[in-house]
Each structure stands twice: as structure tokens, then as C-alpha cells.
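All remarks here apply to the structure that follows.
The values are calculated or read from the model by the stated rules, or taken from the named source; none is laboratory data. All figures in this text were calculated on a predicted structure; none of them were measured in a lab. Note: ideal-geometry Cβ built from the backbone for every residue, glycine included; neighbour counts use all protein chains shown. Accessible surface is based on the protein model in full, side chains and every heavy atom, while ligands, DNA and RNA are left aside. Shrake-Rupley method; radii C 1.70, N 1.55, O 1.52, S 1.80 Å.
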Amino acid sequence: MLTQIGGKIESDFTQPLGMLSDCHKRIRYFLNALLATVDHANRGSLTPHQRTSLEAALRYFREAAPKHTADEEQSLFPRLRRTDTPEMRVTLEKIERLEAEHRKAELQHQEADAIVHLWMTEGGISPEAHARLTDILTELSELYERHIALEEAEVFPLAAVLLSDVEKNIVGREMAARRGIESNNSNFGSR
Ligand SMILES: [Fe+2]
Ligand SMILES: [Fe+2]
């Protein structure tokens, strides 16, 4: 799902680093939607609008966000590691931290998903579960802010310099394939 956030034209698969940053906007958008809805909903049954908003956000984190993680862990980070340059050696530890944060975020999303699912099926949520859900979402928000800042300020700019156009093109093609999009369409030039 390519939700356009903020009305700005988004990158396409020929600009994989730009696409990764566009995904960050969606992560922030859907996490803020989760936080706002949980905050505004009283602990009883959810309004149809609140339910729709929660379902859309949970679906994004269940189905689309893991593709972003795979884009980084399977397509981008391995190519960066292989460059084996002095800059990369300094950044290696940070990439390991990013991967550990991916695992932590996955666990937190699973727990948040389970609590919201119970809320929807039971028509209410206990004060303890509501407080736990708020804590998880707040922690996730803080984690993503640090995480995205590190990726956008250090890792992606390094990739822009260290990876060749051919390698970036392959990253873009792998990202497209992950979303079931054929890479021989007009979004891909010969570069
Ligand atoms: Fe990441
Ligand atoms: Fe990311």
C-alpha cells in the first residue's frame, strides 16, 4: 500500500533510498494514528471511525512495514557491509543496533496487535491493558524516532555514496519484487 503522506510526490523504485525514507513517513503516520486513536477512545466499544483507523494502522504494520525491514536487512545492509570501507566499518555497529531494534519493534507490534484485537472482539479494554497499550505505543514512537534519525542521517547518506548506480538499481528491483511489482516496467530505466 502506497499511502501518500503530506501531498509530496514520492520516490519510485529507481530511487530506492528515497523510497525507504517515504516508508518512514508512513511508519510515523500510522504510529501517530494508533497513538491518537488509543488516546481518544474511551475504554468501551470503539466507534466505527476509530475501529477503521486502528485496523488500517495495524494492517500497515502487519503487512507493509515488514517489507521495509526486509528492504533494509536483505537488500541494503548486506550491500553496505560488503563495501568494507573505513566509513562502513565505523557504521557496522550502528547497523547491528538497527537490526536489533527491528526485532524489538516486531515484538512490541505483536503485543500491541493482540491487545487491540482483544479490545475489538470484547468491546472494551481494562485500564491495565489500556495503560500497557499506551506504554508500548509510546516506546515504539521513541524507538522509531531514534531509529529513523540514524538511518536518514547516517546510513542512507552512506549508501548513497558507497553503492554504485548498478547496486542501487538492484536494491530498487528487489524492493519492487518484494511488493509483487515487475521490474521491467517504465519505472526502471537502463541505469
Ligand atoms: Fe530500519
Ligand atoms: Fe527504515
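Going by the structure shown, is residue 11 part of a helix (DSSP H, G or I), closer than 18 Å to residue 169 by Cα, open to solvent by 20 Å² or more (accessible area, probe 1.4 Å) and among the hydroxyl-bearing types (Ser, Thr, Tyr)?
So residue 11 fails the test.
Residues are listed down the side, and each one gets a yes or a no for (1) within 12 Å of ligand 2 (Cβ to nearest atom); (2) in contact (Cβ under 8 Å) with a residue 12 or more places away in the chain:
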| residue | (1), (2) |
| --- | --- |
| 62 | no, yes |
| 70 | yes, yes |
| 80 | no, yes |
| 97 | no, yes |
| 100 | no, no |
| 108 | no, yes |
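Can you list the helices (runs of 4 or more DSSP H) found entirely within the stretch 27-90 that contain at least 1 residues being within 16 Å of ligand 1 (Cβ to nearest atom) and open to solvent by 30 Å² or more (accessible area, probe 1.4 Å)? Quick ask: steps written out before the conclusion?
Working: elements: 48-59, 65-70, 77-83.
Fully inside the stretch 27-90 and qualifying: 65-70, 77-83.
Suppose we filter 140, 133 for residues that are under 23 Å from residue 37 (Cβ atoms), within 15 Å of ligand 1 (Cβ to nearest atom) and of a type in the set (A, V, I, L, M, F, W, C); which single one remains?
140
Can you confirm whether residue 141 is hydroxyl-bearing (Ser, Thr, Tyr), over 22 Å from residue 44 (Cβ atoms) and open to solvent by 20 Å² or more (accessible area, probe 1.4 Å)?
Taking the combined requirement at face value, the residue satisfies it.
Here is a list of conditions, (1) within 12 Å of ligand 1 (Cβ to nearest atom); (2) open to solvent by less than 60 Å² (accessible area, probe 1.4 Å), and residue 113 meets all of them except one; can you say which number that is?
If we test residue 113 against (1) within 12 Å of ligand 1 (Cβ to nearest atom); (2) open to solvent by less than 60 Å² (accessible area, probe 1.4 Å), just (1) comes out false.
Listed residues 166, 155; which is under 14 Å from residue 95 (Cβ atoms) and either among the β-branched types (Val, Ile, Thr) or open to solvent by 50 Å² or more (accessible area, probe 1.4 Å) (or both)?
155
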